[in-house]
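The values are calculated or read from the model by the stated rules, or taken from the named source; none is laboratory data. Remember, predicted model here, so these are calculated numbers, not experimental data. Glycine also receives a Cβ, built like all others from the backbone with ideal geometry; neighbour counts cover every protein chain displayed. All accessible areas refer to the heavy atoms of the entire protein, side chains included, with ligands and DNA or RNA removed. Shrake-Rupley method; radii C 1.70, N 1.55, O 1.52, S 1.80 Å.
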Amino acid sequence: MNVTINDVSIVIPDGSTLADALATKEIKSGGIATAVNGTVIAASSRATHILAEGDKIVIIKAFYGG
């Protein structure tokens, strides 16, 4: 199925979780926030959040500085 991560289309197997999608793109789960279709998904729920065709994933990476 097709989903997008930060506006980049990827193909993942049907039934994949948010954690699976992150792993496909080799995105480390630490220090990021995730949302699917505008709904924030907690880090603790990424492994159980099943994605659907056309889902839009947004990843925001935390950084420090001033």
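Summary table below
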{"item": "Selection within the stretch 1-18 - part of a strand (DSSP E or B), polar (S, T, N, Q) and in contact (Cβ under 8 Å) with a residue 40 or more places away in the chain", "result": "2, 4"}
{"item": "Test: residue in the stretch 37-48 that is in a strand (DSSP E or B) and either surrounded by 10 or more Cβ atoms within 10 Å (Cβ to Cβ) or modelled with pLDDT under 95 (or both)", "result": "yes"}
{"item": "Cβ pairs under 6 Å, 6+ apart, first in the stretch 20-46 and closer than 14 Å to residue 3 by Cβ, second part of a helix (DSSP H, G or I)", "result": "41/18; 46/18; 46/19"}
{"item": "Any hit, the stretch 19-29, residues being modelled with pLDDT of 95 or more, open to solvent by less than 70 Å² (accessible area, probe 1.4 Å) and not in a helix (DSSP H, G or I)", "result": "no"}
{"item": "Considering residues of the stretch 53-66 that are part of a loop (DSSP other than H, G, I, E, B) and open to solvent by 50 Å² or more (accessible area, probe 1.4 Å) only, the residue modelled with the highest pLDDT", "result": "53"}
